[in-house]
Amino acid sequence: MSATQGGVRAAVSSSGRTAVPRGRRSRRVGYGYWWWALPALALTIVTVYITTASGAFFAFTNWSGVGSFDFVGLTNFVNIFKTPELVGALVNTLLLAFGFVVFTNILGLLFALALNRTLKTRYVLRTLVFMPVVLSPVAVSFIWKFIFDYNGPLNQILGAVGLKSLQQTWLANPTLALASILVVLVWQSIGFVMVTYLAGLATVPPELEEAAALDGAGLWNRFRNVVVPMIQPSIAIATTLTLIQGLRVFDQVMALTGGGPSNATETLATEIYNQTFTYQQFGFGAAMALLLSALILVFTIVQQYLTRDRTQMGR
């Protein structure tokens, strides 16, 4: 019996089946991966890319949703920046987005640092902080709408502690309504950001912090020079997701104020809804949606550049 026959027989006897050459097996597995991915890929192309492309096309028309339409070029985009209400919606969107990124990441990181290792009740507290994330944004908004009501718990607490002068009609005040919405957004999203940073903090070896402490580094220096570089990927993920969520905020605004009072809380997302479904200006609404998509893309690219891992750039 030849050596080749002996090797084949040994493979059959040991595994109970004929061995498949490695090249053929990897090629077969590769084809299998492609076939399994094709349905999902086709669905993504139809539901995301084709619909996005068609929406982008209608952004340059005056389509009303039914019937024919005319190609108007950049007229819709020019009208957006000529309309004070829409410019105000753009400003509100940017204020909410950047405020949301700053406060959720700062508070989420603080909670993550506080509930990272030593606290015995950290698992219970993590659950309590994360719980608002799984709730419906609309349900949460209606709860906070009751809290912000003039006869609601917030004003009652202020009156009970002798701060009646601070009692407000929070959501009916054009100056405070946007800040009130920001409070709701931040409160519901802190838990998600906290979990993201906890995952990053789990990769920080305690030995590094102990060595830095032995070298005389204070708490702030250990955080800045040891912890922050190690959780750079978590910072990039958390800031990216919160930036996107803040730019396209819709549910909370509609549930809390509906864009009021006096358009003080209108955002690009709510204006897209109004222009498209209330005023039947589908072309104009598509132009606003395209503008919002462009803003999300540009700010996300800039944010990714700012939070990139600089230690990998020289490799």
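Quick check: anything in region 250-271 on the phi < 0 side of the Ramachandran plot and open to solvent by 80 Å² or more (accessible area, probe 1.4 Å)?
For region 250-271, residues on the phi < 0 side of the Ramachandran plot and open to solvent by 80 Å² or more (accessible area, probe 1.4 Å): absent.
Applying the selection to region 103-127, what residues are loosely packed, with under 12 Cβ neighbours inside 10 Å and either among the aliphatic types (A, V, I, L, M) or part of a helix (DSSP H, G or I) (or both)?
Listed by number, the residues that qualify are Tyr123, Val124, Thr127.
So the check is Cβ under 6 Å with 6+ separation or different chains; which pairs have a first residue in region 284-305 that's more than 16 Å from Phe98 (Cα to Cα) and open to solvent by less than 30 Å² (accessible area, probe 1.4 Å) and a second one that's among the small types (Gly, Ala, Ser) and part of a helix (DSSP H, G or I)?
Ala286/Gly55
Quick one: how many residues across region 255-275 are touching a residue at least 24 places away in the same chain (Cβ under 8 Å), assigned to a helix (DSSP H, G or I) and not small (Gly, Ala, Ser)?
Qualifying residue count for the region: 4.
What do you reckon, is Ile244 at pLDDT 90 or above, closer than 30 Å to Trp63 by Cα, open to solvent by 20 Å² or more (accessible area, probe 1.4 Å) and outside any loop (DSSP other than H, G, I, E, B)?
Against the criterion (at pLDDT 90 or above, closer than 30 Å to Trp63 by Cα, open to solvent by 20 Å² or more (accessible area, probe 1.4 Å) and outside any loop (DSSP other than H, G, I, E, B)), Ile244 qualifies.
Filter region 222-240 down to the residues that are of a type in the set (Val, Ile, Thr) and under 20 Å from Val302 (Cα atoms) and list them by number.
Val228, Ile231, Ile235, Ile237, Thr239, Thr240
The values are calculated or read from the model by the stated rules, or taken from the named source; none is laboratory data. Since this is a predicted model, take the numbers as computed values, not measurements. Backbone-built Cβ (ideal geometry, glycine too); neighbour counts: all protein chains shown. Heads up: the accessible areas ignore ligands, DNA and RNA and are worked out on the full protein's heavy atoms, side chains in. Shrake-Rupley method; radii C 1.70, N 1.55, O 1.52, S 1.80 Å.
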